[in-house]
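The values are calculated or read from the model by the stated rules, or taken from the named source; none is laboratory data. Bear in mind that the values here come from a model prediction, so they are computed numbers and not experimental data. All Cβ positions, even for glycine, are placed from backbone atoms using ideal geometry, and neighbour counts span all protein chains on display.
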Amino acid sequence: MKRIYVNEDWCLGCHLCEYNCAFANSGEADMAAALKGKPLFPRIHIEEGDKICYAVSCRHCEDPLCVKSCIAGALQVKDGVITVDQSRCVGCLTCVLVCPYGALAPNENGVMQKCELCLQNSCGEPACVKGCPNRAIVFEERSAVL
Amino acid sequence: MKQYVIIGNGTAAVSCVEGIRSIDEKTPITIVSEELYPAYCRPLISYYLEGKTDRNRMQYRPDDFYETNGCTVLYGKTAVHLSVRQKTVTLSDGQTLSYDALCVATGSTPFVPPIPGLETVAKKYTFLKLDDALALEQAVTPDSRVLIVGAGLIGLKCAEGLSTRAKSITVCDLADRVLSSILDNACAARMQTVLEQHGIRFLLSDTAARFDGNTAIMQSGEQIPFDVLVLAIGVRPNTALVRESGGKINRGILVDAQMRTSLPGVYAAGDCAEGMDISCGSSRVLAVLPNANLQGFCAGVNMAGGTKVFDNAIPMNAIGFFGLHALSAGSDRSDEPGGAVYEESDGQHLKRLFLKDDNLTGFMLIGDTARAGIYTSLIRRQIPLHTLDFDRLKQTPTTAAFSKETRKKAFGGAV
């Protein structure tokens, strides 16, 4: 299936993906209305190390530890995409405890949210990919890196 | 006719079904369920009392799960005898089931010590099952004074769940701190403060010596009047079925990395099982939901003739009370040769990383818990710390501390 992949050699560390993600999932039509003056809760974040940076969002693992560990049955796999049923989540953070990529975080209300590839929101395709100025984030079919 | 039998109907049983069905789509599965309900999210019973979930949302799987997966569930029954030679289990109603492969997922039972006068207490409960929560929901009124014996995870989640329903809640424990099996003094004190801020009163280093109706007479001599008593002293794995058939038992039913017990054709998973904890190098009962799920799936695959090992189990606990979260994983082996602790602490947050030689063996985070799973993965995968930038990683869990090659695998291809 198509997943999001990043190329750390091309990432500029501009954080635009975080803004585009938060906007795409805000339900608002206007970016300023959605984000201005508000704390940002994106489902992607930039990791920064020595002279490198890159975006991290859910890897949609084939054997997802978060789904298996969820005490509320709120994390589910649908057609390979890992989604969270926020009405079931109790905010226990077990998924944060087990995700090897640090890809899950609670929203402003303590309920978990994660990258669902923008398949359910108005963007319809990953907003982080669409808005990346240097094509450091792509949405495509790949196999494992051996 | 070939069939699989699962004793128990909790998390491990459900994922055992999923494990079987990943290999064998057809062979019938019979599930023996002591409880009268389809599998539900057991750890949510305190959230149910708190009003954060309801019976419908607590269902672990969709309504059609058993039907879709070709399972027959026998509700209200238990397994009372196992014959390994004949490959049969006898149930509490006298019925006998034959099996080709059996999974024992019987969970655990609250331990209730014989405290003198306990029989004089009218309203006394344990807190492990949905029925316990439903009974407490009925028993506790806004006028109730609740006494909880046991300041472990079960007792404290019960206290949190009841905090807005009861007039007062008192928790006692013989230990000198809350959550004594999981937290050290400093961490426990921080959690206790939050609970106290929400009106929960503690009597530590003290416990009920005897009861006289609605009064607990403590070891210290103090008398505590109460209306509802909750006994949350501990749980014991349900091992009898396997033990009485000659299977190897320690605290739990001993299993190998394929979830096989010492009895041929018999597997075990979940809170009744005891397997290797790689963070401490010895076998332990790891009675947490993620472990039950992973063990159950592994058992199911192997029962159906597949090959699966679950050989990186570690303790993993997400504990939260009134919005303060503590995440922990692995073991503290810092007092062993080659052991060390990295610690950061301020008034709000606490971080302890437990190191031994070239490995992270465990951690404890309170407050700032973001991306804790990156630490957990280092323990589960036993990654040598010299292969990454640990000085960076100890400050904040980040995959940027991994080697470029590791990052390429993680973010450049399917995982």
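From the list A:97, A:93, the one residue that fits, being at the interface with chain B (Cβ under 7 Å from one of its Cβ atoms), touching a His at 6+ places or on another chain (Cβ under 7 Å), under 24 Å from residue B:291 (Cβ atoms) and of a type outside the set (Ser, Thr, Tyr), is A:93. Across segment B:31-67, the qualifying residues are those that are hydroxyl-bearing (Ser, Thr, Tyr) and within 30 Å of residue B:3 (Cα to Cα), and the one among them that is farthest from the other protein chains (Cβ to nearest Cβ) is B:33. The residue list B:183, B:229, B:203, B:195 contains one member that is at pLDDT 95 or above and outside any strand (DSSP E or B), which is B:195.
Checked against the criteria, residue A:143 does not count as in contact with a Lys or Arg (Cβ under 9 Å, 6 or more places away or on another chain) and loosely packed, with under 15 Cβ neighbours inside 10 Å. Entry remark, segment A:54-90: residues being without any contact (Cβ under 8 Å) to a residue 24 or more places away in the chain, more than 7 Å from chain B (Cβ to nearest Cβ) and within 13 Å of residue B:47 (Cβ to Cβ) number 1 in total. Does residue B:370 fit the bill of being at pLDDT 95 or above, crowded, with 16+ Cβ neighbours inside 10 Å and within 28 Å of residue A:53 (Cα to Cα)? It is true that residue B:370 is at pLDDT 95 or above, crowded, with 16+ Cβ neighbours inside 10 Å and within 28 Å of residue A:53 (Cα to Cα).
Table: residues versus (1) at pLDDT 95 or above; (2) farther than 26 Å from residue B:414 by Cβ.
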{"position": "A:11", "(1), (2)": "yes, no"}
{"position": "A:18", "(1), (2)": "yes, no"}
{"position": "A:31", "(1), (2)": "no, yes"}
{"position": "A:39", "(1), (2)": "no, yes"}
{"position": "A:48", "(1), (2)": "no, no"}
{"position": "A:58", "(1), (2)": "yes, no"}
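Taking residues in segment B:133-157 that are closer than 15 Å to residue B:45 by Cβ, and partners anywhere that are aromatic (Phe, Trp, Tyr) and in a helix (DSSP H, G or I), the pairs with Cβ atoms closer than 9 Å and at least 6 places apart or on different chains are B:133/B:48; B:134/B:48; B:137/B:48; B:157/B:47. Got at least one residue in segment B:328-348 being exposed (fewer than 14 other Cβ atoms within 10 Å of the Cβ), within 14 Å of chain A (Cβ to nearest Cβ), modelled with pLDDT of 95 or more and outside any strand (DSSP E or B)? No. Only one of the numbered conditions (1) of a type in the set (A, V, I, L, M, F, W, C); (2) in a strand (DSSP E or B); (3) in contact with a helix residue (DSSP H, G or I) (Cβ under 9 Å, 6 or more places away or on another chain) is violated by residue B:310, and that is (2).
With respect to the stated conditions, residue B:358 fails to be exposed (fewer than 15 other Cβ atoms within 10 Å of the Cβ), farther than 24 Å from residue A:112 by Cβ and within 12 Å of chain A (Cβ to nearest Cβ). Evaluating residue B:368 against the criteria (1) farther than 26 Å from residue B:11 by Cα; (2) in a strand (DSSP E or B) leaves one unmet condition, (2). If the Cβ limit is 9 Å and pairs must be 6+ apart or interchain, which residue in segment A:113-134 that is surrounded by fewer than 17 Cβ atoms within 10 Å (Cβ to Cβ) pairs with which residue that is among the aromatic types (Phe, Trp, Tyr)? What qualifies is A:125/A:139; A:130/A:139; A:134/A:10. Scanning segment B:270-287 for residues that are within 14 Å of chain A (Cβ to nearest Cβ) and either at pLDDT below 95 or surrounded by fewer than 22 Cβ atoms within 10 Å (Cβ to Cβ) (or both) yields a total of 1. Meeting the requirement of 2 or more residues that are assigned by TED's automatic domain parsing to the domain that holds residue A:126, the helices (runs of 4 or more DSSP H) wholly within segment A:9-98 are A:16-24, A:31-35. No other residue among A:20, A:7 is surrounded by 15 or more Cβ atoms within 10 Å (Cβ to Cβ), more than 8 Å from chain B (Cβ to nearest Cβ) and touching a residue at least 60 places away in the same chain (Cβ under 8 Å) apart from A:20.
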